[in-house]
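Novice: Mind looking over this structure? Questions follow.
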Amino acid sequence: MLGGELAAVRCDLEDFAAEVFEPFARADQRRWGGVYLRGLLLEGGRKSVEPMAARLGADGNRQALAHFVTSSPWDSAHVRARLAWRMQPVIKPTALIIDDTGFLKDGNASACVTRPYTGTAGKVTNCQAGVSLHLASDGASAAVKWRLFLPGSWDLIPPRRRPIRPK
């Protein structure tokens, strides 16, 4: 979504964010939840904190956004439940879809990277696999639950689950 397109729907998006993030205990958490949501919607390949903060302009406080994503105490299950509750009457689902998506990786240091076949690349390559549950109808769908798939090779080798620290 381009900046102009986002500006056109900003009021609706802020109302949506206020509803979805309403259970957050603190006002700053609710604010940064809305900023993070805008960052996810803006055009741009990488959706990690630093590139999103750069695209957000005046709202792009990288440190505050990073704190919201990594350290702010909130339960994603509550947000996902509110999202599903909000999307159900809009989509009027006739089906539940379980889908997987490959997130291509250059190396194998990121969590859960293996070398399976992925439709994302159309070949066997390094990737993470995300699994999602969608509410779907003929006219729309929305992901309401998602997780990074933990391959057996990562589960069986405890040292692989520890953060890699530079020496």
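The values are calculated or read from the model by the stated rules, or taken from the named source; none is laboratory data. These figures come from a predicted structure and were not determined experimentally. Because the Cβ atoms are built from the backbone with ideal geometry, glycine has one as well, and the counts that use them run over all protein chains shown. These area figures cover heavy atoms from the full protein model, side chains too; ligands, DNA and RNA do not enter into them. Shrake-Rupley method; radii C 1.70, N 1.55, O 1.52, S 1.80 Å.
Novice: Nearest 10 degrees, 0 to 90: what angle lies between the long axis of helix 76-91 and the longest principal axis of the chain (Cα atoms)?
Specialist: Between helix and principal axis, roughly 60 degrees.
Novice: Taking amide H positions as placed 1.01 Å from N in the peptide plane, with prolines and chain starts having none, which residues 5 or more places from residue 145, or on another chain, fall under 5 Å of its amide H?
Specialist: 133
Novice: Could you tell me what a quarter of the Cα convex hull surface of the chain works out to, in nm² with one decimal place?
Specialist: About 12.1 nm², averaged over all directions.
Novice: In whole Hz, what ³J(HN,Hα) sequence does the stretch 131-145 give by Karplus (6.51, -1.76, 1.60; θ = phi - 60°), x for Gly and Pro?
Specialist: Those phi angles translate into 10, 9, 10, 10, 7, 9, 9, 4, x, 6, 8, 8, 6, 10, 7 Hz.
Novice: Ignoring everything except DSSP H segments at least 4 long, calculate the 222 nm mean residue ellipticity for the chain; use -39,500 (n - 2.57) per segment, divide by total residues, nearest 500.
Specialist: Values: 6 runs with 69 residues, N = 167.
Only helices count here, giving -12500 deg cm²/dmol.
Novice: So which residue, out of 38, 86, 115, gets the largest mean-square fluctuation from a GNM of the chain using Cα contacts under 10 Å as springs?
Specialist: The residue that fluctuates most here is 115.
Novice: I need the phi-derived Karplus couplings for the stretch 14-30: 6.51 cos²θ - 1.76 cosθ + 1.60, θ = phi - 60°, integer Hz, Gly and Pro marked x.
Specialist: Going residue by residue, I get 5, 4, 4, 4, 4, 5, 5, 9, 3, x, 4, 5, 10, 4, 5, 5, 4 Hz, with x marking Gly and Pro.
Novice: Moving on. May I ask you to derive the relative contact order of the chain, considering only C-alpha pairs under 8 Å and at least 6 residues apart, and to give it as an integer percent? Don't jump to the answer; show the numbers that get you there.
Specialist: Values: 211 pairs, mean separation 25.4, N = 167.
Relative CO of the chain lands at 15 percent.
Novice: Send over a whole-number figure in Å² for the accessible area per residue of the chain, probe 1.4 Å. Could you put the intermediate results ahead of the total?
Specialist: Details: 11020 Å² over 167 residues.
It amounts to 66 Å² per residue over the chain.
Novice: So what J values fall out for the stretch 51-61 if you push phi through Karplus, 6.51 cos²θ - 1.76 cosθ + 1.60 with θ = phi - 60°, rounded to Hz, Gly and Pro as x?
Specialist: Going residue by residue, I get x, 5, 4, 5, 6, 7, x, 4, 8, x, 6 Hz, with x marking Gly and Pro.
Novice: Can you tell me, using C-alpha contacts under 8 Å and at least 6 residues apart, the relative contact order of the stretch 1-82 as a whole percent? Don't jump to the answer; show the numbers that get you there.
Specialist: Numbers: 60 pairs, mean separation 23.3, N = 82.
That works out to 28 percent.
Novice: In nanometres, what is the gap between the two model label sites at residue 58 and residue 37, each 7 Å from Cα along Cα-to-Cβ?
Specialist: Reported label-point gap for residue 58 and residue 37 is 2.0 nm.
Novice: So between residue 92 and residue 16, what do we pick up on full extension, going 0.36 nm a residue minus the alpha carbon distance?
Specialist: Details: separation 76, 0.36 × 76 = 27.36 nm, distance 1.80 nm.
That works out to 25.6 nm of additional length.
Novice: Next question, about the same structure. Compute a Gaussian network model of the chain, connecting alpha carbons closer than 10 Å, and tell me which residue from 74, 32, 154 fluctuates the most.
Specialist: 154
Novice: Hey, what's the Kirkwood Rh for the stretch 83-156 if you take every pair of different alpha carbons, in angstrom? Write down the numbers at each step before the final one.
Specialist: On the way: mean 1/r = 0.0733 Å⁻¹.
Mean inverse Cα-Cα distance, inverted, gives 13.6 Å.
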